[in-house]
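Comments concern the structure below.
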Amino acid sequence: MDFRKGPKSPGRTRFFTVCAILALALAFLFYIAVSGGSAEVERETFAMGTLVKVSVYGRGEASLTSAAEAALAEISRLEELFSVNIAGSDISRINADPAKPGGHEVSAETYELLRLALSEAEATGGAFDPTIGALVSFWGIGTEKARIPSAADNDDIADMQSVVGWSKVSLREASAEGGEERTVYFVSAGAGQALDLGGVAKGYAADRVAAILRARGVKSALVDIGGNLVAIGRSPKRREWRLGFQDPFRPRGNYFASVSVSDATIVTSGAYERFVRKNGVLYHHILDPETGYPAMSDLESVSIVMEHTGSRHNSARSDALSTALFVMGFERAVKFLEGHGEVQAVLVSRREDGPAVYVTDGLKQRVAVQEDVFPKAKEVGR
Ligand code: FAD
Ligand code: MG
């Protein structure tokens with residue numbers, strides 16, 4: 001067979017050009033029909049004791065809607081596993097009989113989250129400790145049962161504090177019996193201990209939601225689980241997301257700084273939303289595992305910023321770290337950050353001469369502090 005081509009005739013070239021244009025036009029029409037054009041879908045719910053908002057952007061309203069609804073369904077599913085307020089959740093079953101011989105069988109997700117929580121507890125020297133549950137429910141801060149203990153309660157607090165200790169939790173994996181190819185997961189805690197994942201589970205849920213959205217092809221989305229943010233890709237304006245840091249001195253929605261990021265998680269802990277005040281003393285919901293009392297922190301807020309591109313649980317990690325660094329206070333938190341370059345942070349500390357803002361080196365180019373709304377803030381540190 002002869003593959004050599006003869007000279008092209010002008011009529012043939014025109015014919016092929018027209019065909020190519022028609023094919024492109026058809027492909028474009030097909031794409032518009034399938035994708036449905038550019039769209040934005042927002043879904044909100046109340047879950048895990050907080051407001052949840054998932055905003056997805058892209059093409060194809062139907063697929064974006066289904067992705068956003070799958071995201072909310074996942075958060076509800078995880079709440080059923082992790083909540084201490086839901087009887088029969090994995091965590092409630094453990095807390096009802098913490099030292100059960102052989103442990104309690106739990107879901108793969110509970111196991112994975114506990115493993116991560118224990119690892120962060122170790123990394124933070126126990127400033128974050130998921131075995132703090134008895135104290136969290138005793139204080140009840142942020143709930144209708146919030147209480148300010150009297151002197152008579154000091155012994156009870158000391159008893160509850162004495163059983164806190166992440167190293168007493170043990171995790172065990174085994175192969176399912178009966179020839180099934182399946183791993184089963186078991187957890188046991190120390191006698192008298194109660195687990196509480198309030199300081200880490202919203203971040204884990206945000207990680208899972210981001211994974212679901214990405215797996216469904218979503219390229220631009222913002223997941224907000226009570227202030228635990230994951231920004232997927234770039235904003236719908238095709239620029240980096242510009243996200244605000246809550247001003248700890250003013251009502252929700254007022255910001256003192258903003259950060260420009262893409263594919264990142266931002267998680268904030270502070271004492272300004274869940275607290276009770278009595279006789280001028282502020283009792284808040286972040287407890288110091290070493291004392292059993294609300295952490296006497298000189299920090300007003302801690303925001304952790306980490307990259308968020310895929311498989312790792314960086315929002316859960318950021319959640320645990322924001323709680324831990326708040327407990328540590330300014331000096332210890334800065335030391336911790338100096339040893340963990342992958343963790344970027346914005347700290348607002350309380351000093352005699354007014355509040356000060358500390359921004360880690362890796363964020364300096366990305367964070368803009370709005371001096372007009374936070375006039376007394378000074379930049380400190382590096
Ligand atoms: P973070 O700093 O991230 O966490 C503080 C929380 O962590 C505390 O509230 C406490 O739970 C725990 N904690 C305190 N000190 C420590 C410490 N040193 N180490 C480790 N953990 C610590 N709230 C309700 O009012 N009603 C509900 O029904 C409800 N259900 C929830 C279900 C789930 C699955 C989860 C994860 C949380 C739920 N919450 C509920 C709690 C609530 O939404 C938040 O978790 C809580 O307000 C704290 O989140 P944060 O981001 O403010 O603070
Ligand atoms: Mg936290």
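The values are calculated or read from the model by the stated rules, or taken from the named source; none is laboratory data. The shown structure was predicted, so the numbers you read here are calculated from the model rather than taken from an experiment. Ideal geometry is used to build each Cβ from the backbone, glycine not excepted, and the neighbour counts take in all protein chains shown. Just so you know, the surface numbers come from the protein's heavy atoms only, side chains and all, with ligands and any DNA or RNA stripped out. Shrake-Rupley method; radii C 1.70, N 1.55, O 1.52, S 1.80 Å.
Key figures for this structure:
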item: Near pairs, Cβ below 9 angstrom, 6+ apart or cross-chain, from the range 332-353 (without any contact (Cβ under 8 Å) to a residue 12 or more places away in the chain) to any residue that is among the hydroxyl-bearing types (Ser, Thr, Tyr); result: 338/360
item: Pairs, first surrounded by fewer than 19 Cβ atoms within 10 Å (Cβ to Cβ) in the range 85-98, second of a type in the set (Val, Ile, Thr), C-beta under 8 Å, six or more apart; result: 92/84; 92/86; 93/106
item: The range 167-210 - residue that is open to solvent by 60 Å² or more (accessible area, probe 1.4 Å) and charged (D, E, K, R) and, of those, nearest to residue 134 (Cα to Cα); result: 168
item: Entirely in the range 217-307, the strands (runs of 3 or more DSSP E) that have 1 or more residues that are of a type in the set (Val, Ile, Thr); result: 220-225, 228-233, 255-261, 264-270, 275-278, 281-284, 299-307
item: Single match in 205, 221, 231, 210 (criterion: out of contact with any His (no Cβ under 9 Å at 6 or more places or on another chain), small (Gly, Ala, Ser) and either over 23 Å from residue 274 (Cβ atoms) or more than 16 Å from ligand 2 (Cβ to nearest atom) (or both)); result: 221
item: Qualifying residue in the range 324-341 (condition: touching a helix residue (DSSP H, G or I) at 6+ places or on another chain (Cβ under 6 Å) and in a loop (DSSP other than H, G, I, E, B)); result: no
item: Any hit, the range 149-158, residues being closer than 22 Å to residue 276 by Cα, at pLDDT below 95, of a type outside the set (Lys, Arg) and in a loop (DSSP other than H, G, I, E, B); result: yes
item: So residue 125, is it within 30 Å of residue 335 (Cβ to Cβ) and not in a helix (DSSP H, G or I); result: yes
item: Close pairs (6 angstrom Cβ cut-off, 6 or more residues apart or separate chains): within 19 Å of residue 325 (Cβ to Cβ) and at pLDDT below 95 in the range 196-210, within 11 Å of ligand 1 (Cβ to nearest atom) and part of a helix (DSSP H, G or I) anywhere; result: none
item: Cβ-Cβ under 6 Å pairs, at least 6 apart or on other chains, the range 124-140 side of a type in the set (A, V, I, L, M), far side open to solvent by 10 Å² or more (accessible area, probe 1.4 Å) and part of a helix (DSSP H, G or I); result: 127/327; 127/328; 134/160; 135/160
item: Complete set of residues in the range 274-291 that are within 10 Å of ligand 1 (Cβ to nearest atom) and crowded, with 17+ Cβ neighbours inside 10 Å; result: 284, 285, 286, 287, 288, 289
item: Flag for residue 74 being of a type in the set (D, E, K, R) and part of a helix (DSSP H, G or I); result: yes
